[in-house]
1. Check SER111 against each of (1) within 12 Å of the ligand (Cβ to nearest atom); (2) open to solvent by 10 Å² or more (accessible area, probe 1.4 Å); (3) of a type in the set (Ser, Thr, Tyr) and name the one condition it does not meet.
2. From (1) among the small types (Gly, Ala, Ser); (2) assigned by TED's automatic domain parsing to the domain that holds PHE241; (3) within 22 Å of GLN319 (Cβ to Cβ), pick out the condition that doesn't hold for ALA118.
3. Do we have any residue at all in segment 376-383 that's open to solvent by 20 Å² or more (accessible area, probe 1.4 Å), out of contact with any Pro (no Cβ under 9 Å at 6 or more places or on another chain) and more than 23 Å from ALA193 (Cα to Cα)?
4. Check every one of the helices (runs of 4 or more DSSP H) wholly within segment 235-324 and list those with 1 or more residues that are at pLDDT 95 or above, buried (at least 20 other Cβ atoms within 10 Å of the Cβ) and not assigned by TED's automatic domain parsing to the domain that holds LEU356.
5. If you take the residues in segment 168-217 that are of a type in the set (A, V, I, L, M) and either more than 21 Å from ALA238 (Cβ to Cβ) or modelled with pLDDT under 95 (or both), which one is surrounded by the fewest Cβ atoms within 10 Å (Cβ to Cβ)?
6. Might you let me know whether segment 144-166 holds any residue that is among the β-branched types (Val, Ile, Thr) and within 16 Å of the ligand (Cβ to nearest atom)?
7. Within segment 215-271, how many residues are over 22 Å from GLY134 (Cβ atoms), out of contact with any helix residue (DSSP H, G or I) (no Cβ under 7 Å at 6 or more places or on another chain) and within 16 Å of the ligand (Cβ to nearest atom)?
8. If you check ASP136, ASP123, ASP81, which single one turns out to be under 18 Å from the mean Cα position of the chain (by Cα), assigned by TED's automatic domain parsing to the domain that holds ILE347, away from the ligand (no atom under 12 Å from the Cβ) and over 23 Å from PRO34 (Cβ atoms)?
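The values are calculated or read from the model by the stated rules, or taken from the named source; none is laboratory data. Fair warning: this is a prediction, and the values are worked out from it, not measured in the lab. Please note: Cβ atoms are built from the backbone with ideal geometry, for glycine as well, and neighbour counts cover all protein chains shown. Heavy atoms of the whole protein, side chains included, go into the accessibility calculation; ligands, DNA and RNA do not. Shrake-Rupley method; radii C 1.70, N 1.55, O 1.52, S 1.80 Å.
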Amino acid sequence: MTPSRRNLLVRAASTAAALAALAVPATSPAQPLPKLKVGLMLPYTGTFAALGNAIENGFRLQIAETGGKIAGREVEFFKVDDESDPSKATDNVNKLVKRDQVDVLVGTVHSGVAMAMAKVAKDSGTLLIVPNAGADAVTGAMCAPNIFRSSFSNWQPGYAMGEVVAKKGHKKVVTITWKYAAGDESVKGFKEAFEKGGGQVVKELSLPFPNVEFQALLTEIAAAKPDAVYTFFAGGGAVKFVKDYAAAGLKKNVPLYGAGFITDGTLEAQGDAADGLFTTLHYADSLGTPRDAAFRLAYAKAYKLQPDVYAVQGYDAAQILATGLTAVKGDISKKAEFAAAVEKAKIDSPRGPFSLSKAHNPVQDIYLRQVVGKENKLVGVASKALTDPARGCRM
Ligand code: PHB
């Protein structure tokens, strides 16, 4: 080919390319959507710091497993340490909603902080996925089409344990917890089922969150001589409570039962003091399903840590988000369609598949577990497909 003919061909080709480029807007697929702005509001300091980290790990693992994207959109994270402090909660959530203008809020661990988040989400219409906090009101009186929970209501593990302890034949129980929504509601759920089953809660002990000066209360328990004790504590406080309970000599005389947070993510630190404890929760360390085994392996590989219930809840928060966002092809403004898709979905959780109730709380099996060595071993299902009563939810 002569040089001039080649030039002509090259020019013709580039003209065709230029024309094709001009035609792009009319015929090409839409521009990729901008990054999805995810606001993580979690405790990264204080008694619940480990819980916040496990939730974030689980959330990120799910995204990594789907190619680093959610429903095809890249993700940009905005993070706030909420310190489990309700007095700072409204300011903190507004940093994410107003300053950073996030598309979705994911948080938090503490029920009091979560209620402030739910209020802002309800008022602003921002999508909120709660990856732990059990505040009954979040999927009760404060329920909303844009608020979802991947975890539990405080009522759920408490209620399941009330049935277990009644069936074991215990009659008189003392309860002990932190004085705030989670502790109060966990005890209330326990009491509802336990008293229905013929037992009686003879004393309700509490101390302010996040105090860990248990000694005076343990002395009261010893004096009351109940058949058993029911407790809700979590994180660093749970570690200390279980050790103090054993050190006070109570463990061998008065059996201790709890919502499973008392021994989840805490067993390394609790050592022998936790051995043998029975708890109820929507997860256990030995479910033995292929789904859970794959999750546990992936988590251990990614973080060199064993997962716990908080990691599962973070992972499932990402699954809920991906389910809704896939249905709206990444367009988060389509809120009604997003909600409709999540409402009819079965979430393929490591805990076992679950769906969301009308109030957007998981309908799930609550397991009875027992601490053996460093594991919360599955004993059986305490309550099958337990649905929170969603008191006060009009939706
Ligand atoms: C809560 O405040 O709702 C809460 C905190 C820690 C837990 C469980 C529930 O492990």
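1. The number of the failed condition is (2).
2. All conditions are met except number (2).
3. For segment 376-383, residues open to solvent by 20 Å² or more (accessible area, probe 1.4 Å), out of contact with any Pro (no Cβ under 9 Å at 6 or more places or on another chain) and more than 23 Å from ALA193 (Cα to Cα): present.
4. Per the criteria, 235-247, 267-270.
5. Of all residues in segment 168-217, those of a type in the set (A, V, I, L, M) come to 173-174, 176, 181-182, 187, 193, 201-202, 205, 207, 212, 216-217.
Checking which are either more than 21 Å from ALA238 (Cβ to Cβ) or modelled with pLDDT under 95 (or both) leaves us with 193, 202.
On the way: ALA193: 21, VAL202: 14.
By that ranking, first place goes to VAL202.
6. Yes.
7. 0
8. ASP81
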